[in-house]
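The values are calculated or read from the model by the stated rules, or taken from the named source; none is laboratory data. As the structure is a prediction and not an experimental result, all values here were calculated from the model. Here the Cβ is made from the backbone with ideal geometry for all residues, glycine too, and neighbour counts use every protein chain on show.
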Amino acid sequence: MPSYKAPVEDFLFLFHELLEIEKRTDLPGFAELTPDMTGAILEGGAKFCEEVLQPLNQSGDEEGCHLENGVVRTPKGFKEAFKAYADGGWNKLGVAEELGGANLPSVITFAFSEMGSSANQAFSMYPGLSGAALGALWATGEDWMREHVATRMADGDWAGTMCLTEPHCGTDLKLMKTRAVQQDDGSFRLSGTKIFISGGDHDMTDNIIHMVIAKLPNEEGKYVDDLSTVNFFMVPKMLVDPATGEITGPNSVSTGAVEKKMGIKGNATCVLNFDNAVAYHLKGRAPEKKADDGKVVKSKSAGMAGMFGMMNGARMGVGIQGIAAGEVAYQNGVAYAQERLAGRSLTGVKNPDGPADPIMVFPDVRRLLIGSRAFVEGARALAMYVSFLFSVARSSADEKERQEAEDLSQLFTPVIKAYFTDKGFEAANASMQVFGGHGYIRDNGMEQFVRDARINQVYEGANGIQALDLVARKMTAKGGRATLTYFAKLEAFIKENEGDAEMAPFVGPLKVGYGRLGEAAGWLMQNAAKNYDHAGAASYDILNIFGTVTLAWMWAQMAKLSLAKLKAGTEKQDFYKRKLTLARYWMEREVPMTAGWVERAKAGADGLMELDAINF
């Protein structure tokens, strides 16, 4: 049976040595985040994930979810675990104090999210999406929703979902068919079908609050394929009296099916049918802009502002699920490699008292494992840095710092979602490979990690779409302001440290990688405008360059810290030496890959687009 141990020590290193979060007492919630406090929170969360969630992971996968007489049944133990999750207050770590929450910063909530996903991704998606739905409702809902609905969600009595995808329509939301009609009392009646709805129905709570996007008629009373008609709604599974908050009966929301799928079988991924269901319009709106002539221009997606906020948070969460998949698979791969005896070391017997050496002695097994760990720890550092930027962007008193944090967090989000989930899946596959044939057998749990990790590359916009978002929007937004800010940080770090001989193994490769990132970005600027397909063709390779170089930046910073700690005579010698080894691996083995991606990006779109579709 697979096992899991939460990486508490690594989180504490990132919080209090790399980010030094305890020094940001100017930000709400940070003054209390001393090493003792964060240690206590992380240790408590680790205990819950290791002892309550992880033991249900494999059994939940085996049993799956089932639709019985219109009701979805979750695997044995899930309902009790959900109650324990809420009773322990783990669902309230980041919840507003007005709702009885701890209002802790996102660095803490995303750290706990990683631990939960490593322990049991299928289960963790239930409270994860409920928390996202709660945040959106709290930000965009009417007073009665905040008083009567948000409170029940915060307490864990009710759950939540996000309903976007339709059978014929995923990312291209303007093609959706779900419609809403306003009623005399101000409510709406909503009809349509949504698919792939994680936690769409289950038996763990008394009510489920669906956050749904649907079209309203335009000014001429017509439903058109235009984002301007798409709006955001709250649709409860069970009707709620706005005056009292009491459940008054079932809404016209039914589960058409529980999807039969590759992984995360403990999560009820549902087809939901809305048949003239009671719905309530959510008021969040994107900011209006003034055109050059002074006229106010409404965003074409103004009605989806609340959904976009929810979806951006979900993209970050899915990226962290990529880290989580790599972490738990790596841990089990290492345990197996230490125990499995096969063959003898290429440089002489290492286990003379045994019939063979453990397979950990072989360079290729180490390649599989150390590559995974270097990704996981580098990615975790970037994820926690961006989580910290969220707080800075929201609460810093310095306007320039707020703007910079917002720019960088927006720039990095598609990288975290796409690059992390690709590499997380790669890491899960690598550890399965370490097991050999035993990795393919269900009893050992490795093939479940691979199956579960695969969905992360699809969720919240497939990774190719994230790559296009990076190059076509995020890198060029506001005249490329975020990209220039990021490049300036890279240049400053390189300049500050390239004269340090001890840092040479880390700064040199970072400088080379940064040069290639700049080369790819420059090619894009010169060629994309001539043919937009060039941007599409180069986007995935540029995403890989961007992700690899950004993790190299993280590793260079961690290497600098580790060198200083070792020089100072720290007691944790092994911890910091391991950091240096992983940093060197990233620089020596991953950064060189950017050379190939640059050449691929510069090949442009011609080779991809010249073949007629009929000839594929």
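Residues that are in a strand (DSSP E or B) and under 28 Å from the mean Cα position of the chain (by Cα) do occur in the range 236-253. Of all the listed residues (G596, G536, G604), the sole one being under 27 Å from E426 (Cα atoms), not aliphatic (A, V, I, L, M) and not in a helix (DSSP H, G or I) is G604. Given the criteria in contact with a helix residue (DSSP H, G or I) (Cβ under 6 Å, 6 or more places away or on another chain) and outside any helix (DSSP H, G or I), does Y419 qualify? In short, no.
Every residue in the range 257-280 that is surrounded by 15 or more Cβ atoms within 10 Å (Cβ to Cβ) and not aliphatic (A, V, I, L, M), please. E259, G263, K265, G266, N267, T269, C270, N273, F274, Y280, listed by residue number. Pairing each residue of the range 48-75 that is closer than 16 Å to M204 by Cβ and outside the structural domain of L93 (by TED's automatic domain parsing) with any residue that is among the aliphatic types (A, V, I, L, M) and not in a helix (DSSP H, G or I), provided the two are 6+ apart or on different chains, yields no C-beta distance under 9 Å. Taking the range 555-601 as the range and being buried (at least 16 other Cβ atoms within 10 Å of the Cβ) and under 30 Å from H534 (Cα atoms) as the test, the residues that pass are W586, M587, E590, V591, T594, W597, V598, R600, A601.
Looking across E147, E98, one residue alone is of a type in the set (D, E), over 30 Å from D443 (Cβ atoms) and in contact (Cβ under 8 Å) with a residue 60 or more places away in the chain. It is E147. Among the candidates E9, E51, E63, the residue that is among the charged types (D, E, K, R) and under 23 Å from the mean Cα position of the chain (by Cα) is uniquely E9.
E519 meets all of the listed conditions (1) surrounded by fewer than 18 Cβ atoms within 10 Å (Cβ to Cβ); (2) part of a loop (DSSP other than H, G, I, E, B); (3) touching a helix residue (DSSP H, G or I) at 6+ places or on another chain (Cβ under 8 Å) but one, namely (2).
A single entry from G192, G160, G221, G199 fulfils the requirement of being touching a strand residue (DSSP E or B) at 6+ places or on another chain (Cβ under 9 Å) and part of a loop (DSSP other than H, G, I, E, B): G199.
Of all residues in the range 12-47, those satisfying the criterion of being within 22 Å of the chain's Cα centre (by Cα), within 21 Å of R578 (Cα to Cα) and not aliphatic (A, V, I, L, M) are F13, F15. State whether the residues of the range 475-483 include one that is closer than 25 Å to Y585 by Cα and among the aliphatic types (A, V, I, L, M). No, the range 475-483 contains no residue that is closer than 25 Å to Y585 by Cα and among the aliphatic types (A, V, I, L, M).
Taking the conditions (1) in contact (Cβ under 8 Å) with a residue 24 or more places away in the chain; (2) in contact with an Asp or Glu (Cβ under 7 Å, 6 or more places away or on another chain); (3) within 27 Å of E114 (Cα to Cα) in turn, G439 satisfies each one other than (1). On the basis of being in a helix (DSSP H, G or I), charged (D, E, K, R) and more than 17 Å from the chain's Cα centre (by Cα), does E447 make the cut? It is true that E447 is in a helix (DSSP H, G or I), charged (D, E, K, R) and more than 17 Å from the chain's Cα centre (by Cα).
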